[in-house]
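Participant: Take this structure, written in structure tokens, and hold onto it; I'll ask about it next.
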Amino acid sequence: MHSTRIATFLLGAWIGCCIFMDLLALENLRLANGVLNSAIPPAVEIIQKAGREEMGLLLRYFAAEQYRYFFSTWELIQIPSALLLAGVLYFAADRRPMPQILCGLMLVLVLFQLAIHPELAYRGREADFPPGSQTLGTQARVWALTEVWIGAESAKLLIGALLANYMFTYKSRRRSRRTDEGLGTGRGARLREQI
């Protein structure tokens with residue numbers, strides 16, 4: 001019973017952190033543009049001296065570097081988390097293979113993301129500043145790698161949702177079996193005879 005709760009908590013934390021990191025990346029890019037549009041007076045002076053276009057490039061580069069670092073660190077954290085979850089799932093699901101298979105698929109997707117991350121980071125840095133930011137081929141490669149990464153992230157979250165659904169329904173089935181077994185003997189049987 002406790003292993004099911006621990007597995008459900010770990011899975012929920014994993015999915016929640018993935019969603020948080022995805023939202024953080026989107027917000028970082030939006031924030032870079034927001035700083036340019038609504039800067040405080042001392043920042044406006046710096047922006048005017050450096051040039052609005054150049055400062056925009058620098059802020060977007062900083063935001064991109066920040067989420068590249070966060071994602072590479074998060075991908076490394078997910079590996080032991082997935083292994084821990086798989087171990088707890090082994091006991092939580094009465095050694096049934098389906099939860100470990102789903103958790104294993106999520107881990108494979110994390111390893112895939114970790115494998116393409118260096119290429120994505122390299123191509124992204126190449127596309128952050130001119131001439132790479134103005135070259136269609138460089139931009140296309142970055143977008144293609146980004147779409148592959150987003151697809152793997154979406155698949156990982158979908159599999160995580162399937163695993164969470166399995167855990168909740170499995171827990172409900174176990175609880176209903178215990179209730180049915182309790183009605184067959186002892187106090188439950190006496191209650192049934194009285195009805």
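Participant: Measure nothing but the geometry: give the 0 to 90° angle between the long axis through the Cα atoms of 97-128 and the longest principal axis through the Cα atoms of the chain, rounded to 10°.
Facilitator: Between the helix axis and the principal axis of the chain, the angle is about 0 degrees.
Participant: Sticking with this structure for a sec: So if each residue of separation counts as 0.36 nm, and I subtract the Cα-Cα distance between ARG5 and ASN37, what length gain in nm does that give?
Facilitator: Values: separation 32, 0.36 × 32 = 11.52 nm, distance 4.66 nm.
The span from ARG5 to ASN37 would gain 6.9 nm if fully extended.
Participant: Can you give the accessible area of LEU107, probe radius 1.4 Å, in Å² rounded to 10?
Facilitator: 30
Participant: Could you tell me which label, among (i) 8, 34, 37, 17, 4, 0; (ii) 8, 26, 22, 17, 12, 7, 4, 2, 1; (iii) 9, 39, 39, 12, 1, carries the value of P(r) over Cα pairs in 10 Å bins from 0, in percent calculated for this structure?
Facilitator: Answer by label: (ii).
Participant: Full-extension gain between LEU23 and ARG96, please, as 0.36 nm times their residue separation minus the C-alpha to C-alpha distance. Don't skip to the end; give the middle numbers.
Facilitator: Numbers: separation 73, 0.36 × 73 = 26.28 nm, distance 3.38 nm.
Separation in residues times 0.36 nm, less the Cα-Cα distance, equals 22.9 nm.
Participant: Next question. Per-residue HN-Hα couplings for segment 148-163, Karplus 6.51 cos²θ - 1.76 cosθ + 1.60 at θ = phi - 60°, whole Hz, x for Gly and Pro?
Facilitator: Per-residue couplings from phi come out as 5, 5, 5, x, 5, 5, 5, 5, 5, 5, 5, 5, x, 5, 5, 5 Hz.
Participant: Pop out the carbon and sulfur fraction of the accessible area of the chain as a percent, whole number, probe 1.4 Å.
Facilitator: On the way: 8160 of 11990 Å².
For the chain, the apolar C and S fraction of the accessible surface comes to 68 percent.
Participant: Give me a comma-separated list of calculated 3J(HN,Hα) values for segment 63-77, in order, Karplus coefficients 6.51, -1.76, 1.60 applied at θ = phi - 60°, integers in Hz, x for any Gly or Pro.
Facilitator: Coupling constants for segment 63-77: 4, 5, 4, 5, 6, 4, 5, 4, 5, 5, 5, 5, 5, 5, 5 Hz.
Participant: Now, a different point. Using the heavy atoms of the protein chains alone and a 1.4 angstrom probe, what is the accessible area of the chain per residue in square angstrom?
Facilitator: Details: 11990 Å² over 195 residues.
Accessible surface, normalised per residue, equals 61 Å².
Participant: What is the gain in length, in nm to one decimal, between LEU158 and PHE62 on full extension, counting 0.36 nm per residue of separation less the C-alpha to C-alpha distance? The partial results should precede the final answer.
Facilitator: Numbers: separation 96, 0.36 × 96 = 34.56 nm, distance 3.05 nm.
31.5 nm is the gain from fully extending LEU158 to PHE62.
Participant: Using every alpha carbon pair in segment 1-112, what percent of pairs falls into each 5 Å bin from 0 up to the bin containing the largest distance?
Facilitator: Percent of pairs per bin, in order: 2, 11, 16, 15, 11, 9, 8, 7, 7, 5, 4, 2, 1, 0.
Participant: Hey, rough spin-label estimate for TYR122 and GLU53, points 7 angstrom out along Cα→Cβ, what's it come to in nanometres?
Facilitator: About 3.0 nm, to one decimal.
Participant: Can you give the net charge of the other residues whose Cβ lies under 13 Å from the Cβ of TYR69, counting K and R as +1 and D and E as -1? List each step's numbers first, then the result.
Facilitator: Numbers: positive: ARG68, ARG125; negative: GLU65, GLU75.
Once all neighbours under 13 Å are counted, the net charge is 0.
Participant: Compute the helix-to-body angle for 41-50: its Cα long axis versus the longest principal axis of the chain, expressed 0 to 90° and rounded to tens.
Facilitator: 60
Participant: Most fluctuating residue of SER38, SER154, SER81 in a GNM of the chain with Cα springs under 10 Å: which is it?
Facilitator: Evaluated over the chain, the most mobile residue of the options is SER38.
Participant: What whole-number value in cubic angstrom gives the convex hull volume per residue for the C-alpha atoms of segment 52-135? Show your work: numbers first, answer last.
Facilitator: Values: hull volume 7.5 nm³, N = 84.
In segment 52-135, the Cα hull volume divided by residue count equals 89 Å³.
The values are calculated or read from the model by the stated rules, or taken from the named source; none is laboratory data. If you're wondering where the values come from, they're calculated on a predicted model, not measured in any experiment. Neighbour counts run over all protein chains shown; Cβ positions are idealised from the backbone, glycine included. Protein only, heavy atoms only, side chains kept; ligands, DNA and RNA dropped before computing areas. Shrake-Rupley method; radii C 1.70, N 1.55, O 1.52, S 1.80 Å.
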